[in-house]
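K.L.:
This is the structure I have questions about; it appears just below.
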Amino acid sequence: MRSVSLTIFLLLFLFCTACTNESKVDVPEPDHEIVENDPPNEQESESPFDVKNIKIPYNRYSQPCTAEGKVYIPVNNEKERLQNSILEYDLETEDSEIIYNSELEKAAINDLTCSSEWMIWAETDEFGLNGSIHAWDRKRDEKFVVFKYDDPEIMALDAPRLYKNMVAWVSSANNKPEVILYNLELKKQTVIANLKLGSFYNNTVDFYEDKLLWTDTLNNAGVYYIYNTETEEITEYRSSSPFVGYAQLLEDDIIAINFKDVSTWSTGKLGSFHIDNNELSLIEQDFINQLDSFDNHTAYITKNQELVYYDISSNEKVDLISSMNHTVDSVDFTNEGYLIAGYRSEDFSELFIFMFNT
C-alpha cells in the first residue's frame, strides 16, 4: 500500500483552497470528545529494522514500488523537469535502467504501484491537467490506458491503488467526485460511490485485503466508507472529526488525518479510528507532513521532517532517523511490505529501504 504524496499536494491544497468555487462549510464543534489514550511509548534506541540505502542520479522522484527484488521509481530524465520516466533498480546487482518514458510533454508520473503481475501509475502534465491512469501487464508485456480525462482542462488528482487484479481511485472527470473500481483482466470500470464533498484531502482510497476504504464529509461529520469487493456491501462509520482524509485501512483500525478546518493544514491531527468501538485516538498532537501504512504498520513524517514508525498493536513509536542520519521528505510503503523513505538534493536523491516482517 502506498499513499499519495501529501508533500506534493500540500502546496496545491493551500493554493486551490483559496480559489475554489465550492461553498464554505461552517463546522460546529464536535459534541463529544476525542479519546486520548496514553501517549505512545517513544523509543530512543537504534532502529531494529534492516535498512538499505541507494543513491540515484536524479533530483526528482515520486512514489516508488517494489516487485521481485527490484525497485521501480518515477524519476526525471532532465534536471529541470518533473518525474517523467520510470527507473528499474535491481537491489541485488545495483544495476538500473529506464524502462518507460511518458509520451506526454512535460509529464509528471505519480502514484506508482506494482506487483509481479501489474504496474499502475497516474500521469498529468506539469499543471495537473491532461490526466490519465496507465497499466502495464507485466506477464504479457502489454501497456494500456485504464482511464483518461475527456476534458484536458480538468485538474486530475487521481491516485490509483492496486490490489490483485483491481485498481481503485477517486475521479472528478464528470465534474463530481466518484469512487471507481476497475477490473484489469476484464478491462471493466464500475462507479461504486459518489462523494458529497471531494477535495485534495480525500482524493485517495486504500485497500486492506478485499476491502476498499474512502472518506467523505456528510452533515458536517467525517465519514469512513468500507466496500467489500466480494459481497459489494458498503459499511459506513462516522468520525468525531468534521473532515477525515489521507485514510489508511488496517485490520481493525483506520489511520487518518483529522481536520477541524481543511483550509488550514496545521489543524490536521494524525489519529487511529477503532472500527469496533468507533473511538478516535490521537497518535500525534501536532500536524504531520505525510504518512503511509501497510498491513498494521504505519510510518509518517513529522513537521520537522523526521521519520517515525508506529506499531498500532503495541502503541509504540520508533524513531527511524537514527538509521539514516538524515531527515526525509517522502515515505511510502510498497505492496511487498517495504518502507521506502528518501530525500532529494540538487544533483541526486537518496532512498532508504526498510523491511518489516508481517
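K.L.:
Could you please give the count of residues in the range 170-201 that are under 20 Å from LEU218 (Cα atoms) and either within 18 Å of the chain's Cα centre (by Cα) or of a type in the set (A, V, I, L, M) (or both)?
P.N.:
16
K.L.:
Search the range 38-63 for residues being under 22 Å from the mean Cα position of the chain (by Cα) and within 29 Å of GLN285 (Cα to Cα), and hand back the single one that is modelled with the lowest pLDDT.
P.N.:
VAL51
K.L.:
Filter the range 290-300 down to residues that are out of contact with any helix residue (DSSP H, G or I) (no Cβ under 6 Å at 6 or more places or on another chain), in contact (Cβ under 8 Å) with a residue 40 or more places away in the chain and crowded, with 21+ Cβ neighbours inside 10 Å, then give me how many there are.
P.N.:
Total satisfying the criteria: 7.
K.L.:
Would you mind listing the strands (runs of 3 or more DSSP E) fully within the range 113-205 where at least 1 residues are charged (D, E, K, R) and open to solvent by less than 30 Å² (accessible area, probe 1.4 Å)?
P.N.:
Details: elements: 118-125, 132-137, 142-148, 161-163, 166-171, 178-183, 188-194.
So the answer is 118-125, 132-137, 161-163, 178-183.
K.L.:
Something else about it: In this structure, does SER263 turn out to be in a loop (DSSP other than H, G, I, E, B), in contact with a helix residue (DSSP H, G or I) (Cβ under 8 Å, 6 or more places away or on another chain) and either farther than 19 Å from VAL331 by Cα or open to solvent by 10 Å² or more (accessible area, probe 1.4 Å) (or both)?
P.N.:
yes
K.L.:
Quick one: which of TYR246, TYR225 is part of a strand (DSSP E or B) and open to solvent by 10 Å² or more (accessible area, probe 1.4 Å)?
P.N.:
Unique residue meeting the criteria: TYR225.
K.L.:
While we're here: Looking only at the range 305-358, filter to residues that are free of Cβ contacts under 8 Å to residues at least 24 places away in the same chain and assigned to a loop (DSSP other than H, G, I, E, B); which one of those is nearest to ARG161 (Cα to Cα)?
P.N.:
This residue is ASN357.
K.L.:
Across the range 309-323, which residue is farthest from the chain's Cα centre (by Cα) among those that are crowded, with 20+ Cβ neighbours inside 10 Å and closer than 25 Å to VAL75 by Cα?
P.N.:
The selected residue is SER323.
K.L.:
Right, next: Looking only at the range 60-88, count how many residues are open to solvent by less than 40 Å² (accessible area, probe 1.4 Å) and closer than 28 Å to VAL318 by Cα.
P.N.:
Keep residues of the range 60-88 that are open to solvent by less than 40 Å² (accessible area, probe 1.4 Å), which gives 61-67, 69, 71-76, 83-88.
Filter again for closer than 28 Å to VAL318 by Cα, leaving 61-67, 69, 71-73.
Counting residues in the range 60-88 that are open to solvent by less than 40 Å² (accessible area, probe 1.4 Å) and closer than 28 Å to VAL318 by Cα gives 11.
K.L.:
Something else now. Provide a single number: the residues in the range 206-220 that are assigned to a strand (DSSP E or B) and open to solvent by 20 Å² or more (accessible area, probe 1.4 Å). Before you say what the answer is, go through the steps one by one.
P.N.:
Of the residues in the range 206-220, the ones assigned to a strand (DSSP E or B) are 206-208, 211-218.
Right, trim to open to solvent by 20 Å² or more (accessible area, probe 1.4 Å) and you get 208, 211, 218.
Of the residues in the range 206-220, 3 are assigned to a strand (DSSP E or B) and open to solvent by 20 Å² or more (accessible area, probe 1.4 Å).
K.L.:
Okay, next question. Please count how many residues of the range 58-105 are hydroxyl-bearing (Ser, Thr, Tyr) and farther than 20 Å from TRP118 by Cα.
P.N.:
Residues in the range 58-105 being hydroxyl-bearing (Ser, Thr, Tyr) and farther than 20 Å from TRP118 by Cα: 3 in total.
The values are calculated or read from the model by the stated rules, or taken from the named source; none is laboratory data. Treat the numbers as computed from the prediction; the structure is a model and nothing was measured. Cβ sites come from the backbone with ideal geometry, for glycine too, and all protein chains shown count toward neighbours. These area figures cover heavy atoms from the full protein model, side chains too; ligands, DNA and RNA do not enter into them. Shrake-Rupley method; radii C 1.70, N 1.55, O 1.52, S 1.80 Å.
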